[in-house]
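Trainee: The structure under discussion is supplied below as structure tokens; questions concerning it will follow.
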Amino acid sequence: MSGSLRFDPIACDGHGLCAELFPEWIRNDDWGFPILDPRPVPAGLEQHARQAIAACPKLALSWARSEDGRERRGRAAPRARA
Amino acid sequence: MSPAAAQTRREAPPVAPPRFPRLLEGVRPDGRALTLAEHLELHGAAGGGGRSGRGAELAEVLVASGLLGRGGGGFPAGRKLQAVASRRGRAVVVANGTEGEPASGKDKALLRTKPHLVLDGVALAAAAIGAEEAIVAVGRSAERERAVLERGLAERRERRLDAVRIRVESAPDRFVAGEETALLQWLNGGPAKPTTVPPRPFERGVGGRPTLVQNVETLAHVALIARFGAAWFRELGTPEEPGTALVTLGGAVRQPGVYEIPLGTTLDRLVATAGGATGPIRAFLVGGYFGAWIDGRDGGVRLLDAELGERGAALGARAVVALPEGACGLVEAARVARYLAGESAGQCGPCRFGLAAIADAMAVLVTAKASPAVVERVERWLGQVAGRGACRHPDGAARFVGSTLEVFGDEVELHLRGRCSGRIHGNLLPLQSAQPDGWR
């Protein structure tokens, strides 16, 4: 199992590909932005989740946990170098 | 006395702990800021802010005091300090005095009258986390407050009081500019807009360094707790929410302004302190524009997050507005909803489009003969915006509008029939009138 989907609301532009590819887990709100099921994605639906993640033009979707169980960071806004 | 003699540090007798008020003790009737000399005479020396290195003692006494952040987040101050102190790397202190909430004036009042309490807190926190750099952030329009701070810093530098370098920065006058990650992004050269976390400020903040962001009032309490201890701090307030807090009270009271109250004071008591109401109160807006309404007959409610939470409200920005009978809460709230929509950073779809849609629907409800479908749409959208942005702006706006529809249900009914009970007009909930500032 690969865990829950991680979503970056700032990166998202409402293209809608994720909801189209993974309607079992993602639906659109009244303005075309995705509402995600927060639970971990069951093994049987993993393939659709991968397709949704890969299709997002803004890379707004990712796994909250990578397959080896380590937590991966989502995209944050660019920061000035120290 | 010669200037040289005046500058010599004398052994001053210890100062007795203040009973009440605490932060506002010694505030001058003419509102002029206390000079450094006056401040030290009144409160005594802070101790520990000058030369000491990482101080576990300050963190421990803060944890024991139970001090919670006074900026709206309510996070335990001691734990926050410990989190930053435990990171590797040269830390930074950011004192947040931006106060973007239009109904709130407590931070500005504190900075104008008792700047050295805040600066003591900054220096003490900096010493405790090993920070060499500190920034006090105010809003760009807070020119008077900035001038007072600069004068205070000059006084302290002359006395070589603080080991930390403190500077003042003036951030854009936007509602969300004071949100922790927004302020940090701005300090780092970006727009004053919230960012996604992780990393959190205590991990990577100003220049990528561990950063302690605290509200200026919180730091003022730190300055007194460092002097008088945790047990003293707990003498007022409740065990879960100890101490005193500054509250801005506006609306239909005789003396609107900033007041210091022991936490747990009732709304009625707060109003009495402000000279009483000017007439019957229809409802209290508690927590500013992210807050909720409390019915005017429920003035016995205590100002505590625990008690307010049971009514869907919170202390939030600690701004209370008393709406009089005769004013229409719906009309006032629709103005605020429009303002909140305009203050969206515009980064997240549900906030950017949802708050605008809610404001449009509220405008229809208020100004035209709306059908019940308009109210249904608002309710639906309130559920769709909350929790779906990078920050709590849509959540706060949704709480405010949702509470409005609930507490002013009678007004909603009237407006659906094309009528309004409002006799008093004129923008009782304050909003900034000027053109909105930029994001840089």
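The values are calculated or read from the model by the stated rules, or taken from the named source; none is laboratory data. Quick caveat: nothing in here was measured; it's all calculated off a predicted structure. Every residue, glycine as well, gets a Cβ built from its backbone with ideal geometry; the counts of neighbours run over all protein chains shown.
Trainee: So, in the range B:365-391, exactly how many residues are touching a residue at least 40 places away in the same chain (Cβ under 8 Å) and within 12 Å of chain A (Cβ to nearest Cβ)?
Mentor: Summing the residues that are touching a residue at least 40 places away in the same chain (Cβ under 8 Å) and within 12 Å of chain A (Cβ to nearest Cβ) in the range B:365-391 gives 4.
Trainee: Taking the criterion of being more than 14 Å from every other protein chain (Cβ to nearest Cβ) and closer than 23 Å to B:Arg380 by Cβ, would at least one residue in the range B:298-306 satisfy it? Walk me through it before giving the result.
Mentor: In the first step, residues of the range B:298-306 are kept if they are more than 14 Å from every other protein chain (Cβ to nearest Cβ); the result is B:298-306.
Filter once more, keeping what is closer than 23 Å to B:Arg380 by Cβ: none.
Among the residues of the range B:298-306, not one is more than 14 Å from every other protein chain (Cβ to nearest Cβ) and closer than 23 Å to B:Arg380 by Cβ, which makes the answer no.
Trainee: Among the residues of the range B:256-263, are any under 19 Å from the mean Cα position of the chain (by Cα), closer than 25 Å to B:Leu24 by Cα and among the small types (Gly, Ala, Ser)?
Mentor: yes
Trainee: Does at least one position in the range A:58-66 carry a residue that is of a type in the set (Ser, Thr, Tyr) and at pLDDT below 95? First the steps, then the outcome.
Mentor: First, the residues of the range A:58-66 that are of a type in the set (Ser, Thr, Tyr): A:62, A:66.
Narrowing further to those that are at pLDDT below 95: A:66.
Within the range A:58-66, one or more residues are of a type in the set (Ser, Thr, Tyr) and at pLDDT below 95.
Trainee: Does B:Ala163 satisfy the condition of being surrounded by fewer than 20 Cβ atoms within 10 Å (Cβ to Cβ) and aliphatic (A, V, I, L, M)?
Mentor: yes
Trainee: Restricting attention to the range B:233-248, does a residue exist that is acidic (Asp, Glu) and within 14 Å of chain A (Cβ to nearest Cβ)? Show your work before the answer.
Mentor: Of all residues in the range B:233-248, those acidic (Asp, Glu) come to B:235, B:240-241.
Imposing the further condition that a residue be within 14 Å of chain A (Cβ to nearest Cβ) reduces the set to none.
Within the range B:233-248, not a single residue is acidic (Asp, Glu) and within 14 Å of chain A (Cβ to nearest Cβ).
Trainee: Among the numbered criteria (1) under 22 Å from B:Phe75 (Cβ atoms); (2) touching a helix residue (DSSP H, G or I) at 6+ places or on another chain (Cβ under 9 Å), which single criterion is violated by B:Leu153?
Mentor: (1)
Trainee: Which of the residues that make up the range A:1-11 are within 13 Å of chain B (Cβ to nearest Cβ) and either in a loop (DSSP other than H, G, I, E, B) or free of Cβ contacts under 8 Å to residues at least 24 places away in the same chain (or both)?
Mentor: A:Asp8, A:Pro9, A:Ile10, A:Ala11
Trainee: Could you please give the count of residues in the range A:12-33 that are facing chain B (nearest Cβ under 8 Å), touching a residue at least 40 places away in the same chain (Cβ under 8 Å) and either crowded, with 17+ Cβ neighbours inside 10 Å or among the small types (Gly, Ala, Ser) (or both)? It would help to see each step written out before you state the result.
Mentor: Step one: filter the range A:12-33 for residues facing chain B (nearest Cβ under 8 Å), giving A:12-14, A:29-33.
Next, from what is left, pick out any that are touching a residue at least 40 places away in the same chain (Cβ under 8 Å): A:12-13.
From what is left, the residues that are either crowded, with 17+ Cβ neighbours inside 10 Å or among the small types (Gly, Ala, Ser) (or both) are A:12.
Residues that pass the stated criteria total 1.
Trainee: Just give me the residues in the range B:169-212 being of a type outside the set (D, E, K, R), closer than 26 Å to B:Leu431 by Cβ and more than 14 Å from chain A (Cβ to nearest Cβ), in sequence order.
Mentor: Residues satisfying the conditions are B:Ser170, B:Ala171, B:Pro172, B:Phe175, B:Ala177, B:Gly178.
Trainee: Restricting to the range B:317-326, name every residue that is buried (at least 24 other Cβ atoms within 10 Å of the Cβ) and either assigned to a loop (DSSP other than H, G, I, E, B) or not small (Gly, Ala, Ser) (or both).
Mentor: Scanning the range B:317-326 gives B:Ala317, B:Arg318, B:Val320, B:Val321, B:Leu323.
Trainee: Can you name every one of the helices (runs of 4 or more DSSP H) wholly within the range B:196-306 that holds 2 or more residues which are in contact (Cβ under 8 Å) with a residue 12 or more places away in the chain, surrounded by 21 or more Cβ atoms within 10 Å (Cβ to Cβ) and of a type outside the set (A, V, I, L, M)?
Mentor: In the range B:196-306, the matching helices (runs of 4 or more DSSP H) lie at B:216-228.
Trainee: Related question: If you go through the range B:130-142 one residue at a time, do you hit one that is in contact (Cβ under 8 Å) with a residue 60 or more places away in the chain and surrounded by 24 or more Cβ atoms within 10 Å (Cβ to Cβ)?
Mentor: Checking the range B:130-142: at least one residue is in contact (Cβ under 8 Å) with a residue 60 or more places away in the chain and surrounded by 24 or more Cβ atoms within 10 Å (Cβ to Cβ).
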